[in-house]
Amino acid sequence: MNNHILRLGAVLLFGLVGVFIIDQNIKMLFVDGFRYYTDCIDLILVYNKGVAFSMFSFLEGYLKYIQLVLVLGVLGYVFYLQKLCYAFPAGLLLGGAFSNIYDRFIHEGVVDMVYWHCGFNFAVFNFADVMIDVAVIWILILNYKPHFCKS
């Protein structure tokens, strides 16, 4: 295995493990009973059986396996590209995705906790969801601005 693939794997693994550990520790606070209420944001416990905005919740137990296949496809694609600039954002995306999939196996739904209701009601989300969104934007920028990615 060459040095480039090892570096790509190490950067990806660093992002993945970091997001997974942070997200799971935050979620454990809420599973253990932490709650906080304000005028705009409530920190509450919600088990989301679907994906964003509870879509596809009718798939129930199959959703975690579908997501697992999709996430493994993303992982394979990153190693197929072999571009180091994609490693960290892909690690963020995969860490958030694996954390949410882990929730589906352990809690039968994704542990969400941030509920925005200032001016309008928004979906309840978690740290992993934010990291996935950041990673998707980062990857889109790398795709549409290829000069940012030299490897």
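Among the residues of the range 90-115, write down those that are surrounded by fewer than 23 Cβ atoms within 10 Å (Cβ to Cβ) and in a helix (DSSP H, G or I).
Those that are surrounded by fewer than 23 Cβ atoms within 10 Å (Cβ to Cβ) and in a helix (DSSP H, G or I): Phe98, Ile101, Tyr102, Arg104, Phe105, Ile106, His107.
How many of the residues in the range 1-53 are farther than 20 Å from Gly76 by Cα and β-branched (Val, Ile, Thr)?
Qualifying residue count for the region: 9.
Would you pick out the residues in the range 72-89 that are β-branched (Val, Ile, Thr) and touching a helix residue (DSSP H, G or I) at 6+ places or on another chain (Cβ under 6 Å)?
Val78
Answer with yes or no whether Lys27 is basic (Lys, Arg), crowded, with 18+ Cβ neighbours inside 10 Å and modelled with pLDDT of 95 or more.
yes
If you take the residues in the range 31-68 that are at pLDDT 95 or above and within 21 Å of Phe20 (Cβ to Cβ), which one is surrounded by the fewest Cβ atoms within 10 Å (Cβ to Cβ)?
Restricting to residues being at pLDDT 95 or above and within 21 Å of Phe20 (Cβ to Cβ), the top hit is Asp32.
Could you figure out which of (1) surrounded by fewer than 20 Cβ atoms within 10 Å (Cβ to Cβ); (2) part of a helix (DSSP H, G or I) isn't true of Phe122?
(2)
The values are calculated or read from the model by the stated rules, or taken from the named source; none is laboratory data. This structure is a prediction, so every number in the text was calculated from the model and none was measured. For neighbour counting, all protein chains shown are included, and Cβ atoms are generated from backbone atoms with ideal geometry for every residue, glycine included.
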